[in-house]
Amino acid sequence: MAKKEILFTAKSPGGLLELLIENQPSKPRGKVKSELEHGLVSVDGRTVTKFNYLVKAGQQVRVGTYTPKYEKNKSPFLDIIYEDRDFLAINKPAGMLSIATEKEREETAYRLAADYLHGRIYILHRLDRDTSGVLVFAKNREIRDALQDNWDSSAKLRSYVAVTEGIPSPEQGRIENMLRETETHLVYIASKGEGKRAVTNYRVLKKNDTYALVDINIETGRKNQIRVHMSSLGCPIAGDKKYGAKTNPAHRLCLHANKLVIVHPFNGREITFESPVPKKILKLI
């Protein structure tokens with residue numbers, strides 16, 4: 001069942017967010033902003049996520065315009081690993097976006113989860129498109145807001161497993177520096193005082209002459225953080241051409257989010273979400 005559409009024609013030019021609020025007077029402002037952020041709004045058929053996008057008079061605006069590609073519980077991609085009244089956790093496959101962009105609308109983890117719960121879903125964090133593993137959603141905005149406002153303290157453990165080209169030296173360590181992103185979306189280690197702080201802890205679990213299986217825990221969740229940090233050791237993640245890998249033995253980025261532990265913001269309960277490491281990755285060692 002698709003989410004009910006809202007369709008209107010702009011009578012005068014204006015910012016998209018304000019037009020949405022004006023044409024949906026009974027809907028809370030936060031809900032309208034969430035729909036924009038999650039790619040559920042289009043103008044003349046084009047997905048728009050910017051609040052200040054200028055809508056011209058006569059343009060058509062739609063909210064909740066997607067048509068689900070998959071029936072509930074029958075999507076080959078929606079691999080549910082945990083669900084209760086507050087959370088839905090899935091095993092996101094490599095190659096799938098966590099959330100919509102201006103170019104990609106349909107096959108995202110958020111959209112599949114929204115289809116499953118008929119739109120009542122809020123994303124808590126993201127995984128890179130080519131990273132697989134645990135991705136958790138909140139089922140209400142209060143949970144989402146409470147966790148996102150204190151994510152670094154609420155997420156007690158963010159664990160990944162990777163296969164790197166070469167053996168990191170030392171085989172156990174902590175990487176802490178500042179990361180910045182270029183206009184072409186390449187993340188790099190910046191000078192002290194610039195960028196955003198990023199902290200990665202790693203430990204080699206197994207190794208052979210070519211690759212290492214590495215356990216990774218992050219204290220911060222910056223874009224491409226693990227990929228940049230492993231590359232900075234001279235051991236890029238296998239399959240990660242963007243950050244220097246020369247091989248692609250598993251035909252995918254060899255990075256998997258295998259465990260996430262969070263503290264429930266209202267009752268203090270620790271909840272553990274786990275996803276097994278794909279055999280494609282493990283068999284390389």
One quarter of the C-alpha convex hull surface, i.e. the mean projected area of segment 159-285 in nm², amounts to 9.0
The chain, dipole about Cα centre (Lys/Arg Cβ +1, Asp/Glu Cβ -1), debye to the nearest 20 | 260
Distance from the Cα centre of segment 176-229 to that of segment 7-54, in angstrom?
-> 36
Which semi-axes, in whole Å and largest first, does the equivalent ellipsoid of the chain have when worked out from the alpha carbon gyration tensor as the square roots of 5 times its eigenvalues?
-> 36, 21, 19
FRET efficiency for Val48 and Asn140 from the Cβ-Cβ distance with R0 = 41 Å, rounded to 0.05, comes out at 0.95
Taking placed amide H atoms and a strict 5 Å upper bound, the residues 5 or more places from Tyr82 or on another chain that come that close are Ala89
Take the cross-link list Lys259/Lys280; Lys223/Lys246; Lys156/Lys280 and give me the ones stretching past 24 Å between alpha-carbons.
-> Lys156/Lys280
Solvent-accessible ranking of Tyr188, Tyr110, Tyr211, largest area first, probe 1.4 Å | Tyr188, Tyr211, Tyr110
Filter the trypsin sites (Lys or Arg not before Pro) in segment 148-201 to those in DSSP coil with at most 14 other Cβ atoms within 10 Å of their Cβ, and list the result.
-> Lys192
Under the Kirkwood approximation applied to all pairs of distinct alpha-carbon atoms, what is the hydrodynamic radius of segment 80-189 in Å?
-> 16.1
Per DSSP H run of n ≥ 4, the term is -39500 (n - 2.57); total these for the chain, divide by its residue number, and report the mean residue ellipticity at 222 nm rounded to 500 deg cm²/dmol.
-> -4500 deg cm²/dmol
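The values are calculated or read from the model by the stated rules, or taken from the named source; none is laboratory data. Everything numeric in this text was worked out from a predicted model, so none of it was measured. No Cβ is skipped: glycine too gets one built from the backbone with ideal geometry, and neighbour counts run over all protein chains shown. Areas reflect the complete protein model, heavy atoms only, side chains present, ligands, DNA and RNA absent. Shrake-Rupley method; radii C 1.70, N 1.55, O 1.52, S 1.80 Å.
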